[in-house]
Amino acid sequence: MTLRFYDSATAAVRDFVPLKEGRVSLYYCGATVQGEPHIGHVRSALAFDQLTRWLQTSGLDVTVVRNVTDIDDKILVKAAENNEPWWALAYRFEQAFEDAYDALGILKPTYEPRATGHIPEMHALVAQLIERGHAYPAPDNSGDVYFDVRSWAKYGSLTHQNIDDMQAAADADPRGKRDPRDFALWKGFKEGEPETARWESPWGAGRPGWHLECSAMVTKYLGTEFDIHGGGLDLRFPHHENEMAQSQAAGHGFASFWMHNGMVTYLGEKMSKSIGNTINPREMLEIARPLVVRYYLGQAHYRSVLDYRPGSLTEAAAAVERIETFMHAALAKLFPGGDFGLVAKLPDAFRAAMDDDLNIPAALAVLHDTVRAGNTALAARDDAGTLLALQGVMGMTDALGINPTEAQWQRGGDATAETAALDVLVNAQLAARAQARKEKNWAESDRIRDTLAAAGIDIADSADGSIWSLKK
Ligand SMILES: Nc1ncnc2c1ncn2[C@@H]1O[C@H](COP(=O)(O)OP(=O)(O)OP(=O)(O)O)[C@@H](O)[C@H]1O
Ligand SMILES: [Zn+2]
């Protein structure tokens with residue numbers, strides 16, 4: 001196995017060798033739960049879901065941590081505007097993010113820590129940085145504590161910037177900063193702020209800065225050194241630069257690899273709440289099946305820009321349908337009893353594409369070539385060829401989390417054992433009907449169709465076989 005990933009810190013594709021053999025530790029930045037999710041957020045989580053699944057498919061045991069930033073200036077502002085407690089607003093939107101992730105089959109992380117549950121860990125990190133001479137409490141007794149960027153020679157190395165050319169930190173009032181680029185580790189409480197967003201600390205009451213939250217949570221769950229830190233490209237600076245500086249200044253090795261997903265844009269502009277050009281995943285799910293939305297958001301290379309265009313789901317829907325139609329037809333042909341003794345297999349070309357910095361467009365090309373070869377084999381009644389293609393398609397769609405025969409995708413995303421069981425039963429009926437038709441036993445084939453119709457099941461016949469759906 002030669003897994004290779006693009007590491008943003010070194011700006012190169014490098015061989016990926018986990019710190020601990022057979023195990024991978026992955027942290028990626030989750031949402032600041034200040035509003036509804038948009039498809040940019042979901043694409044980010046999906047990119048790291050695809051990575052997780054590929055690491056697992058490669059036989060590695062993956063620990064995934066995705067945080068929830070549930071305290072932040074933006075949350076406090078929105079809650080005040082809404083006249084709602086900040087924690088109620090944060091929880092409401094945390095649930096909206098979870099619903100979106102679940103609907104698109106994004107695997108639950110191993111741990112999903114909330115920032116507010118880790119204040120003691122954050123204090124410990126601040127104390128360590130002060131002790132090592134890399135942080136200082138503001139001299140004006142505001143309660144702010146800043147990271148001293150000039151004390152850390154490597155500051156700027158993640159984003160390859162020279163400190164003198166860097167922007168000032170816009171994260172707190174510059175109350176007593178030594179350098180305008182110094183960023184807030186701890187933000188002193190200010191008059192008028194909610195008492196519930198006020199935590200005591202050795203430097204005065206206040207709340208944590210965003211960068212500090214992630215560093216403290218990474219270390220708690222993955223240790224001081226771990227394999228991969230991820231997030232969107234927009235977080236590279238200042239967020240990730242600051243995370244890396246403060247953790248390394250505290251003596252931690254921190255991440256071996258930095259992986260960043262490209263942005264979802266709308267008419268060329270970053271999709272963002274502040275710009276107001278957002279598409280909620282729910283809007284997409286009203287017009288397309290969850291599997292189609294997952295396919296659409298996950299088909300580009302994770303580092304490339306995905307520019308959303310109205311109507312762009314149509315192509316994804318057609319691609320999913322091609323895969324699905326072949327799988328149903330091949331399963332009905334080869335396993336008419338529904339007893340799938342099928343061993344999934346991954347074509348070498350697919351493995352090579354995925355190993356090469358998750359080249360999903362190339363991997364999808366292998367998948368569609370295999371579907372095409374499978375359809376040719378089906379038409380030629382070549383069962384061996386059909387089986388080979390089916391095994392490949394099953395393996396590849398499993399690896400990508402888009403196997404249409406999975407229970408998750410059967411109906412509106414609510415995965416249940418019942419829908420999976422129903423799929424097996426209906427497909428067995430369809431296979432019996434296909435057999436009856438082959439034998440020109442029209443009475444039997446009509447009987448099966450009528451039985452299915454009476455049960456509320458629609459059948460669509462095509463040259464490649466039949467697929468079913470529940471009547472709307
Ligand atoms: N348009 C986008 N395309 C891809 N990823 C995005 C996009 N916007 C945000 N992300 C990623 O989603 C994750 C959660 O983002 P976060 O809650 O910090 O968003 P945000 O930057 O506050 O969103 P917004 O820019 O809409 O205000 C981060 O990894 C972030 O990089
Ligand atoms: Zn973060």
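Any residue that is under 30 Å from ASN403 (Cα atoms), surrounded by fewer than 17 Cβ atoms within 10 Å (Cβ to Cβ), touching a residue at least 24 places away in the same chain (Cβ under 8 Å) and out of contact with any Ser or Thr (no Cβ under 6 Å at 6 or more places or on another chain) - is there at least one of those in segment 131-150?
No; the residues of segment 131-150 include none that is under 30 Å from ASN403 (Cα atoms), surrounded by fewer than 17 Cβ atoms within 10 Å (Cβ to Cβ), touching a residue at least 24 places away in the same chain (Cβ under 8 Å) and out of contact with any Ser or Thr (no Cβ under 6 Å at 6 or more places or on another chain).
Does THR196 satisfy the condition of being surrounded by fewer than 23 Cβ atoms within 10 Å (Cβ to Cβ) and either of a type in the set (Asp, Glu) or under 27 Å from the mean Cα position of the chain (by Cα) (or both)?
No: the conditions fail for THR196.
May I ask you to list the residues in segment 218-260 that are acidic (Asp, Glu), within 16 Å of ligand 1 (Cβ to nearest atom) and touching a residue at least 40 places away in the same chain (Cβ under 8 Å)?
Correct list: GLU241 only.
Starting from residues that are surrounded by fewer than 22 Cβ atoms within 10 Å (Cβ to Cβ) and assigned to a helix (DSSP H, G or I), keep the ones in segment 395-407 and report whichever is modelled with the lowest pLDDT.
It comes out as ALA407.
So how many residues does segment 59-97 have that are out of contact with any Gly (no Cβ under 7 Å at 6 or more places or on another chain), surrounded by fewer than 17 Cβ atoms within 10 Å (Cβ to Cβ) and closer than 30 Å to GLY395 by Cα?
Counting residues in segment 59-97 that are out of contact with any Gly (no Cβ under 7 Å at 6 or more places or on another chain), surrounded by fewer than 17 Cβ atoms within 10 Å (Cβ to Cβ) and closer than 30 Å to GLY395 by Cα gives 1.
Can you tell which of SER8, SER25 is within 16 Å of ligand 2 (Cβ to nearest atom) and either more than 26 Å from LEU212 (Cα to Cα) or in contact with a His (Cβ under 6 Å, 6 or more places away or on another chain) (or both)?
Criteria check complete, one pass: SER8.
Looking for something within 14 Å of TYR101 (Cα to Cα) and in contact (Cβ under 8 Å) with a residue 24 or more places away in the chain - is there at least one such residue anywhere in segment 67-86?
yes
In segment 356-406, what residues are under 16 Å from ALA329 (Cβ atoms) and polar (S, T, N, Q)?
THR370, ASN375, THR376, THR386, GLN391, THR397, ASN403, THR405
Between residues in segment 385-404 that are in the same structural domain as ASN375 (by TED's automatic domain parsing) and residues that are among the hydroxyl-bearing types (Ser, Thr, Tyr) and buried (at least 21 other Cβ atoms within 10 Å of the Cβ), which pairs lie under 6 Å by C-beta distance while being six or more apart or on different chains?
Cβ pairs passing all conditions: ALA389/THR370; GLY392/THR370; VAL393/THR370; ILE402/TYR295; ASN403/THR397.
Do we find that GLU191 is closer than 21 Å to ILE75 by Cβ and more than 16 Å from ligand 1 (Cβ to nearest atom) in this structure?
yes
Given (1) within 13 Å of ligand 1 (Cβ to nearest atom); (2) surrounded by 17 or more Cβ atoms within 10 Å (Cβ to Cβ); (3) not β-branched (Val, Ile, Thr), identify the lone condition not met by LEU3.
Condition (1) is where LEU3 drops out.
Being of a type in the set (Val, Ile, Thr) and either under 30 Å from ALA407 (Cα atoms) or crowded, with 18+ Cβ neighbours inside 10 Å (or both) is the requirement here; does THR278 meet it?
Considered against the rule, which asks whether it is of a type in the set (Val, Ile, Thr) and either under 30 Å from ALA407 (Cα atoms) or crowded, with 18+ Cβ neighbours inside 10 Å (or both), THR278 comes out as yes.
Restricting attention to segment 262-274, which residues are more than 8 Å from ligand 1 (Cβ to nearest atom) and surrounded by fewer than 16 Cβ atoms within 10 Å (Cβ to Cβ)?
LEU267, GLY268, GLU269
Is it true that LEU46 is buried (at least 16 other Cβ atoms within 10 Å of the Cβ), out of contact with any strand residue (DSSP E or B) (no Cβ under 7 Å at 6 or more places or on another chain), in contact (Cβ under 8 Å) with a residue 60 or more places away in the chain and of a type in the set (A, V, I, L, M, F, W, C)?
yes
The values are calculated or read from the model by the stated rules, or taken from the named source; none is laboratory data. In this text, all values refer to a predicted model and were calculated from it rather than measured experimentally. Heads up, the Cβs are rebuilt from the backbone with ideal geometry, glycines too, and the neighbour counts pull from every protein chain shown.
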